[in-house]
Amino acid sequence: MKASGLQQATGCLLSMKENGGSNVKILITGGNGQLGQEMQHLLDERQIAYQAADVKQLDITNAEQVEQYFAANRPEVVYHCAAYTAVDKAEGEGKKTDELVNAVGTKIIAQACAKYNALLVYISTDYVFDGTRTSGEYLPNDPKGPRNEYGRTKLLGEQAVQQYCDKYYIVRTAWVYGQWGHNFVYTMLNLAKTHDKLTVVSDQVGRPTWTRTLAEFITYLVDNQVAYGVYQCSSDGTCSWYEFACEILKDQPVKVLPVSSDEYPTAAFRPHYSVMHLAKETGFKFPMWKDALHEFMSQIEDK
């Protein structure tokens, strides 16, 4: 073991930026997703060339199409942001798609990266752990035990990356929010417009992650040639979903009340505790979760 189809892919991409800044050929999968769009915004700021593809341009579950794309474009760094993230649907109607995208699709991308000697950056999740702890931090090499389908398929993706690739970064994250796409911050802000009282679970503890922080971290790993392996990225500090919601809505005329997970059942199991160890040994400075949230909210208020 190595260290730890919609259309023909012929360079027709969702987005192709050729504004200089780097001679490395960069591919972003899942270009229309929350992280994929954040990655494009960050690289645009830095005037770094990249190619970004979403499913209409590059179906990662189609091995023939992926092979054709890699043969034609020869990416050297692949930020694999494409994923199926409908956690509750993955338990039922979306189970097949979840497996196809997160496990099979990632395996196909990993095999292509290995064949064409590309560095693969794979985004994973805290859900690969069982979430049964009540304190401490989950270290990258701690035993895995996903308790929902999304976590199971993301772990299969991790294993495929480790099996086929020599050059890889697996980056686990959690509680992701950002400017593009649906997320908890937008949900709370929208609900506050139509409700004077909201209930949010208070017995699930973790670390929120701004997509900007995640994008900066994964590019930091690549740019600084950090040792290949498994890393974990979120904001620093911990909170419950209730505390997170209170901070989001502290300036809104709405009352936020705590409830237990038993009072808010979901199709997929949610860990009660999923605080992951942050990769501070890399030299990257992780912002405190309140600071990151406030900066994000100031940005969306200006728009």
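The values are calculated or read from the model by the stated rules, or taken from the named source; none is laboratory data. Keep in mind that what you see is a predicted model, and the values were worked out from it rather than measured. Neighbour counts run over all protein chains shown; Cβ positions are idealised from the backbone, glycine included. Accessible surface is based on the protein model in full, side chains and every heavy atom, while ligands, DNA and RNA are left aside. Shrake-Rupley method; radii C 1.70, N 1.55, O 1.52, S 1.80 Å.
May I ask you to list the residues in the stretch 215-265 that are touching a Pro at 6+ places or on another chain (Cβ under 8 Å) and of a type in the set (Phe, Trp, Tyr)?
Of everything in the stretch 215-265, those that are touching a Pro at 6+ places or on another chain (Cβ under 8 Å) and of a type in the set (Phe, Trp, Tyr) turn out to be Tyr231, Tyr242, Phe244.
State which residue is most open to solvent (accessible area, probe 1.4 Å) when the search covers only the stretch 254-266 and only residues that are of a type outside the set (Ser, Thr, Tyr) and at pLDDT 95 or above.
Lys255
What single numbered condition from (1) open to solvent by less than 40 Å² (accessible area, probe 1.4 Å); (2) closer than 19 Å to Val185 by Cα; (3) over 21 Å from the mean Cα position of the chain (by Cα) fails to hold for Cys233?
Among (1) open to solvent by less than 40 Å² (accessible area, probe 1.4 Å); (2) closer than 19 Å to Val185 by Cα; (3) over 21 Å from the mean Cα position of the chain (by Cα), the lone unmet condition for Cys233 is (3).
Looking only at residues in the stretch 180-194 that are in a loop (DSSP other than H, G, I, E, B) and either farther than 30 Å from Tyr122 by Cα or in contact with a strand residue (DSSP E or B) (Cβ under 8 Å, 6 or more places away or on another chain) (or both), which one is least open to solvent (accessible area, probe 1.4 Å)?
The qualifying residue least open to solvent (accessible area, probe 1.4 Å) is Asn183.
Which pairs do you get when a residue that is over 14 Å from Val87 (Cα atoms), found in the stretch 138-158, comes within reach of a residue that is of a type in the set (Phe, Trp, Tyr) and open to solvent by 10 Å² or more (accessible area, probe 1.4 Å), reach meaning Cβ atoms under 8 angstrom, with the pair 6+ apart or on two chains?
Listed by first residue and then by second, the contacts come to Pro140/Tyr231.
Among all residue pairs at least 6 apart or on different chains, which show Cβ distances below 8 Å where the first residue, located in the stretch 180-200, is at negative phi and the second is of a type in the set (D, E, K, R)?
Partner pairs satisfying both residue conditions: Trp180/Glu38; Asp196/Lys255; Lys197/Lys255; Leu198/Lys255; Thr199/Glu263.
Hey, which of the strands (runs of 3 or more DSSP E) in the stretch 1-58, taking only ones fully inside, have at least 2 residues that are modelled with pLDDT of 50 or more, open to solvent by less than 30 Å² (accessible area, probe 1.4 Å) and within 29 Å of Gln162 (Cβ to Cβ)?
26-29, 50-53
List the pairs whose first member sits in the stretch 209-227 and is over 15 Å from Cys81 (Cβ atoms) and open to solvent by less than 20 Å² (accessible area, probe 1.4 Å), whose second member is at pLDDT 95 or above and among the charged types (D, E, K, R), and whose Cβ atoms are under 6 Å apart, counting only residues at least 6 apart or on separate chains?
Pairs that qualify, where the first residue is over 15 Å from Cys81 (Cβ atoms) and open to solvent by less than 20 Å² (accessible area, probe 1.4 Å) and the partner is at pLDDT 95 or above and among the charged types (D, E, K, R): there are none.
Of the residues in the stretch 267-285, how many are among the hydrophobic types (A, V, I, L, M, F, W, C) and either touching a Ser or Thr at 6+ places or on another chain (Cβ under 6 Å) or open to solvent by 80 Å² or more (accessible area, probe 1.4 Å) (or both)?
Count: 1.
Condition first: aromatic (Phe, Trp, Tyr) and within 19 Å of Lys285 (Cα to Cα). Now tell me which residues in the stretch 185-227 satisfy that.
Listed by number, the residues that qualify are Trp210, Phe217, Tyr220.
For the stretch 195-303, please list each of the strands (runs of 3 or more DSSP E) lying entirely inside it that holds at least 2 residues being of a type in the set (A, V, I, L, M).
By residue number, 197-201, 255-259.
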